[in-house]
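Worksheet: the structure to be examined is printed underneath.
The values are calculated or read from the model by the stated rules, or taken from the named source; none is laboratory data. This is a predicted model, so every value here is computed, not measured. Heads up, the Cβs are rebuilt from the backbone with ideal geometry, glycines too, and the neighbour counts pull from every protein chain shown.
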Amino acid sequence: MSSITPHSIICRATFLILAALPAARAAESPRDTNPANVEVAALIDRWATARVQGDAAFLEKFYASELRIGQMNGGLVDRRDDIALFAARRIKPEYIRDTELRVIVYGETAIVSCIENLKGTYNGRPGQMALRMLNVLLRRDGRWQLVASQSAPITSP
């Protein structure tokens, strides 16, 4: 009997993305009326707001216990450490704005890709950048939780 691990969830989600590329194009529409897609898109927007405001209570509920965030430099940050950075305001975004948001829901799994534009300070150092983001959410106990996130910097050619 196989067990479900964070690694197996990410592998399955990646397979689903690749297997459903034609469906992804349909989900790009800004007038998406699929209730699950709309719910997840609103939650991603709320996540951006929570990070700007340092809302640790929201992050505690939104982040799954097994969450690991893949950083743009190849490092990993676990759930507890990410929440602590925002709660202590060591990361203090002025804004986080997502563009090119694409939500694809497969039952209890949602794949979200976007470009995240942000400006703010990290440990007192100001910065501004754009990141290509890929997030995996699972629906558990009637709510969506972030189980994996990966970012890569977008640089000028």
Query raised in the report: What are the residues in segment 32-55 that are of a type in the set (A, V, I, L, M, F, W, C) and exposed (fewer than 15 other Cβ atoms within 10 Å of the Cβ), if any?
Result: Val38, Ala42
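Consider Glu28 carefully, then state whether it is surrounded by fewer than 17 Cβ atoms within 10 Å (Cβ to Cβ), at pLDDT 95 or above, over 21 Å from Met129 (Cβ atoms) and touching a strand residue (DSSP E or B) at 6+ places or on another chain (Cβ under 7 Å). If you could, list the steps in order and put the result at the bottom.
Details: surrounded by fewer than 17 Cβ atoms within 10 Å (Cβ to Cβ): yes; at pLDDT 95 or above: no; over 21 Å from Met129 (Cβ atoms): yes; touching a strand residue (DSSP E or B) at 6+ places or on another chain (Cβ under 7 Å): yes.
Criteria not met by Glu28.
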**Report entry** Elements of type strands (runs of 3 or more DSSP E) in segment 31-140, at least 2 residues being farther than 23 Å from Thr155 by Cα and among the hydroxyl-bearing types (Ser, Thr, Tyr)
**Finding:** 63-70
Query - Residue ID - farthest from Met72 (Cα to Cα), chosen from residues in segment 122-157 that are at pLDDT 95 or above and among the polar types (S, T, N, Q) - result: Gln145
Query - Residues (surrounded by 15 or more Cβ atoms within 10 Å (Cβ to Cβ), of a type in the set (A, V, I, L, M) and either touching a Phe, Trp or Tyr at 6+ places or on another chain (Cβ under 9 Å) or more than 14 Å from Ile44 (Cβ to Cβ) (or both)) located in segment 85-129 - result: Leu85, Ala87, Ile91, Ile96, Ala110, Leu118
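Asp82: buried (at least 17 other Cβ atoms within 10 Å of the Cβ) and among the acidic types (Asp, Glu), yes or no? Give the steps one after another, and end with the answer.
Values: buried (at least 17 other Cβ atoms within 10 Å of the Cβ): yes; among the acidic types (Asp, Glu): yes.
Considered against the rule, which asks whether it is buried (at least 17 other Cβ atoms within 10 Å of the Cβ) and among the acidic types (Asp, Glu), Asp82 comes out as yes.
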Query raised in the report: From the list Ala152, Ala148, Ala64, which residue is under 14 Å from Ile44 (Cα atoms) and either in contact (Cβ under 8 Å) with a residue 60 or more places away in the chain or surrounded by 19 or more Cβ atoms within 10 Å (Cβ to Cβ) (or both)?
Result: Ala148
